[in-house]
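Heads up, the thing below is written out as structure tokens.
The values are calculated or read from the model by the stated rules, or taken from the named source; none is laboratory data. Since the model is a prediction, treat every value here as computed from it, not as a measurement. Don't worry about glycine lacking a Cβ; one is built from the backbone with ideal geometry, like all the others, and counts go over all protein chains shown. SASA here: full protein model, heavy atoms, side chains in, ligands and nucleic acids out. Shrake-Rupley method; radii C 1.70, N 1.55, O 1.52, S 1.80 Å.
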Amino acid sequence: MHGLSSHYKTLRLILGDQLNSSHSWFREKSDTTLYVIAELHQEQTYCRHHIQKVLAFFCAMENFAVALGEAGHHCLHLTLDDTEAYKTLPELLTALIGHFKIAHFEYQQPDERRLVQQLDCYCAESSFSSDVASTQHFYVEDTTAAEWQLNSGGTMEHFYRKIRKRFNVLVHPDGKPIGDKWNFDHDNRNSLSADDINQIPKPKLFRNDIEQPLARIRNHKLDVFGEVGNTLLWPTNRKQARALLDYFCEHLLPRFGQFQDAMTDQKPALQWSLYHSRISFALNAKIISPKEVINKAIAAYDADKKSIPLASLEGFVRQIIGWREYVRLVYWQNNDYGDHNYLRAQRSLPEYFWTGNTKMNCLKQAIGQSLEYAYAHHIQRLMVTGNFCLLAGIHPQEVDDWYLGIYVDAIEWVEQPNTRGMSQFADGGIMATKPYAASGNYIHKMSDYCKNCHYKVKQKDSDDACPLNSLYWHFLDRHKKTLGENQRMQLMYKQWHRKTEGEQKALMKRAEQVLQNIESL
């Protein structure tokens, strides 16, 4: 606080995921307004974070504070050293408001429920005046607007079509979709051949200096996990975020759709990145906006339709507005979402989720990659680690905590509906109409993981059979009263009932063996 003016009247708080340089707050400069960006101890303890996640936010916050200062704004950047005496955000705010004799406090609407409650209560109990502003980031800013209520039974696909028409994204003037189809997902399910793997471009990486934030993490003994090198590869400012987006549009978008669900373990330096944009951290920290991302991708397609298939562009657009905006509405329109455990799962998360030491190659690859890079693409999250946890009956809170902590882009509003809802079906169908359950055959179809696995994907009930095979049928059998009437599950249950009594017993015996020895798989 040394050297700062004592004539500030307004304090504006910027949280670590509110790094939006285009916000209307910054259109005018004021010598009586102080911006505060702070590394908070409370944000390091609500769950156990991957070290790259903490570093990415710390670096991005510092970069944003510097940029604000260079633009002529008064900004106070506080590190863990500066905030050590304050256990909570309200305690820090009270100290700052008292020190600078602030008369008015402003903040942007947080994207996590716990922070909304914390700041709302703080302002309601304080004597100073306060205002809350929109983050001005999302396509759908007001999650309570009648137009965007999801309780009328609208599915994600219904929402996707509605938002595309509402914001004129890949539609003709008459509202019909470009390409005469809303969804090209059927064209985006290819696995990688040997030739395809050899053509995977190198990922664009950055070399952000982490010496000081890393020292703070260690000095304050934060309970972090995962790996990190001497620099940080993630984009932590607008220049880097835009460069990564440019690289994606030029080198990756042409084949993104085709291979967006594919997985491989054949190229250690490339298998984690493939054709994915990896801009999710920059998006979720609001360093870059979804509209900028969408407009850039569409411009790239318009400039080179020979190289970029419409299916690739549509698949990418669907991830940004059809999925990301939808899960935000699910989160905010279901206040008790974090309490759901529809399938009553109770088992603990196996220890190898923290080490990657398992004989199941699909898990070994997805978990190992997550520990090394704080990243895995959507199919690895949904159909490898997520599918295993669903079939094994892992408690959704433990699954939630793992996903929220391990991924660099994980913030509760986007993580929770995808984990507890889409992945674990713990919400009973709010997010998805059926569980995303699959046997080892799905992994075999979409990856080459099974070739190098200790277990045999073609075996069903032997001691060396892929654990996912028997767990899949065990999952269906134990939840037949809950899921048996689900129309989208009828084909699976018909297949189960066609099996002989002997086949069913053998599968159940193998599944029980797997579950009893889950820590040693």
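List of remarks:
- Subset of the range 431-450 [in contact (Cβ under 8 Å) with a residue 40 or more places away in the chain, open to solvent by 20 Å² or more (accessible area, probe 1.4 Å) and out of contact with any Leu (no Cβ under 7 Å at 6 or more places or on another chain)]: Thr433, Lys434, Tyr442, Lys445, Cys450
- Here Leu170 fulfils each of the conditions (1) open to solvent by less than 20 Å² (accessible area, probe 1.4 Å); (2) at negative phi; (3) at pLDDT 95 or above apart from (2).
- One residue from Glu372, Glu314, Glu292 being in a helix (DSSP H, G or I), charged (D, E, K, R) and open to solvent by less than 10 Å² (accessible area, probe 1.4 Å): Glu314
- Residue among Gln149, Gln136 that is surrounded by 11 or more Cβ atoms within 10 Å (Cβ to Cβ), under 30 Å from Phe57 (Cβ atoms), polar (S, T, N, Q) and touching a residue at least 60 places away in the same chain (Cβ under 8 Å): Gln136
- Within the range 221-262, being of a type outside the set (A, V, I, L, M, F, W, C), under 27 Å from Glu43 (Cβ atoms), touching a residue at least 12 places away in the same chain (Cβ under 8 Å) and assigned to a loop (DSSP other than H, G, I, E, B) holds for Asp223, Gly226, Glu227, Asn230, Pro235, Thr236, Asn237.
- If you filter the range 84-122 down to residues that are over 29 Å from Gln333 (Cα atoms) and assigned to a loop (DSSP other than H, G, I, E, B), you find that the one that is farthest from the chain's Cα centre (by Cα) is Lys101.
- Enumeration of residues in the range 221-243 that are over 18 Å from the mean Cα position of the chain (by Cα) and either under 25 Å from Ser289 (Cβ atoms) or buried (at least 22 other Cβ atoms within 10 Å of the Cβ) (or both): Leu232, Asn237, Arg238, Lys239, Gln240, Arg242, Ala243
- Output for the range 349-365, where each listed residue is of a type outside the set (Asp, Glu) and in a helix (DSSP H, G or I): Tyr352, Phe353, Asn361, Cys362, Leu363, Lys364, Gln365
- Candidates Gln108, Gln117: the one that is in contact (Cβ under 8 Å) with a residue 60 or more places away in the chain and out of contact with any Cys (no Cβ under 6 Å at 6 or more places or on another chain) is Gln108.
- Residue match in the range 22-36 (condition: in contact with a strand residue (DSSP E or B) (Cβ under 6 Å, 6 or more places away or on another chain) and in contact (Cβ under 8 Å) with a residue 60 or more places away in the chain): yes
- Looking at the range 459-521, the helices (runs of 4 or more DSSP H) lying wholly inside it that each contain 3 or more residues that are open to solvent by less than 60 Å² (accessible area, probe 1.4 Å) and at pLDDT 95 or above sit at 467-478, 501-516.
- Looking only at residues of the range 195-208 that are more than 24 Å from the chain's Cα centre (by Cα) and either free of Cβ contacts under 8 Å to residues at least 40 places away in the same chain or in a loop (DSSP other than H, G, I, E, B) (or both), we find that the one that is farthest from Leu270 (Cα to Cα) is Asp195.
- The residue of the range 375-384 that is nearest to Tyr472 (Cα to Cα), among those that are under 14 Å from the mean Cα position of the chain (by Cα) and in a helix (DSSP H, G or I), is Leu382.
- Unique residue being modelled with pLDDT under 95 and either touching a Phe, Trp or Tyr at 6+ places or on another chain (Cβ under 8 Å) or hydroxyl-bearing (Ser, Thr, Tyr) (or both) when the list is Asp265, Asp304: Asp265
- Residue list for the range 7-37, restricted to those being open to solvent by 10 Å² or more (accessible area, probe 1.4 Å), among the hydrophobic types (A, V, I, L, M, F, W, C) and touching a helix residue (DSSP H, G or I) at 6+ places or on another chain (Cβ under 8 Å): Leu15, Phe26
- Those residues of the range 177-219 which are open to solvent by 30 Å² or more (accessible area, probe 1.4 Å), farther than 13 Å from Phe259 by Cβ and in contact with a helix residue (DSSP H, G or I) (Cβ under 6 Å, 6 or more places away or on another chain), in sequence order: Gly179, Trp182, Lys204
- When residues of the range 297-311 are limited to those that are in a helix (DSSP H, G or I) and open to solvent by 10 Å² or more (accessible area, probe 1.4 Å), the one farthest from Phe425 (Cα to Cα): Ala303
- Selection within the range 93-108: residues that are touching a Ser or Thr at 6+ places or on another chain (Cβ under 7 Å) and more than 9 Å from Lys9 (Cα to Cα). The member of this set that is surrounded by the fewest Cβ atoms within 10 Å (Cβ to Cβ) is Glu106.
- Here Asn334 fits the description: under 19 Å from the mean Cα position of the chain (by Cα), closer than 30 Å to Thr482 by Cα and surrounded by fewer than 20 Cβ atoms within 10 Å (Cβ to Cβ).
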